[in-house]
Amino acid sequence: MPKSTYTDDYKVTISRLKKVRLELGLKQEDVADKLGKPQSFISKIECGERRLDIAELKELAKLYKKDITHFI
């Protein structure tokens with residue numbers, strides 16, 4: 001089994017991102033459209049296939065109307 005490059009802390013971050021998106025009633029497509037990205041961008045983040053950088057996390061926090069510290 002391949003070793004994951006993602007820490008437990010990172011898994012918490014992506015879990016919180018998905019939870020807030022769902023609480024806001026947004027689909028992955030909705031978020032992607034607002035960011036000018038394809039739906040697969042959000043999908044890959046939420047399933048751990050793509051790592052977020054800090055600028056992308058800031059964009060998502062702003063879109064979700066949460067302080068960035070909510071996700072870290």
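The values are calculated or read from the model by the stated rules, or taken from the named source; none is laboratory data. The structure presented is a predicted model; accordingly, all values stated were derived computationally and were not measured. So basically every Cβ, Gly included, is an ideal-geometry build from the backbone, and we count neighbours across all protein chains shown.
If the Cβ limit is 7 Å and pairs must be 6+ apart or interchain, which residue in segment 14-41 that is under 15 Å from K65 (Cβ atoms) pairs with which residue that is among the charged types (D, E, K, R) and not in a helix (DSSP H, G or I)? Qualifying pairs under 7 Å: V20/K66.
Matching residues to (1) loosely packed, with under 13 Cβ neighbours inside 10 Å; (2) in contact with a Cys (Cβ under 9 Å, 6 or more places away or on another chain):
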{"residue": "I14", "(1), (2)": "no, yes"}
{"residue": "E23", "(1), (2)": "yes, no"}
{"residue": "I42", "(1), (2)": "no, no"}
{"residue": "C47", "(1), (2)": "yes, no"}
{"residue": "R50", "(1), (2)": "no, no"}
{"residue": "L57", "(1), (2)": "no, no"}
{"residue": "T69", "(1), (2)": "yes, no"}
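Among the residues of segment 42-60, those that are acidic (D, E) and touching a residue at least 24 places away in the same chain (Cβ under 8 Å) comprise E46, E59.
The test for being surrounded by 15 or more Cβ atoms within 10 Å (Cβ to Cβ), more than 12 Å from the chain's Cα centre (by Cα) and in a helix (DSSP H, G or I) does not hold for D9.
Here is a yes/no grid of residues against (1) in a loop (DSSP other than H, G, I, E, B); (2) out of contact with any helix residue (DSSP H, G or I) (no Cβ under 6 Å at 6 or more places or on another chain); (3) at pLDDT below 95:
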position: K3; (1), (2), (3): yes, yes, yes
position: K18; (1), (2), (3): no, no, no
position: L22; (1), (2), (3): no, yes, no
position: L26; (1), (2), (3): yes, yes, no
position: K37; (1), (2), (3): yes, yes, no
position: I42; (1), (2), (3): no, no, no
position: R51; (1), (2), (3): yes, yes, yes
position: A55; (1), (2), (3): no, yes, no
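Against the list (1) of a type in the set (S, T, N, Q); (2) within 11 Å of the chain's Cα centre (by Cα); (3) surrounded by fewer than 16 Cβ atoms within 10 Å (Cβ to Cβ), the condition Q28 fails is (3). Counting only residues that are within 17 Å of Y6 (Cβ to Cβ) and outside any helix (DSSP H, G or I), segment 57-67 holds 0 of them.
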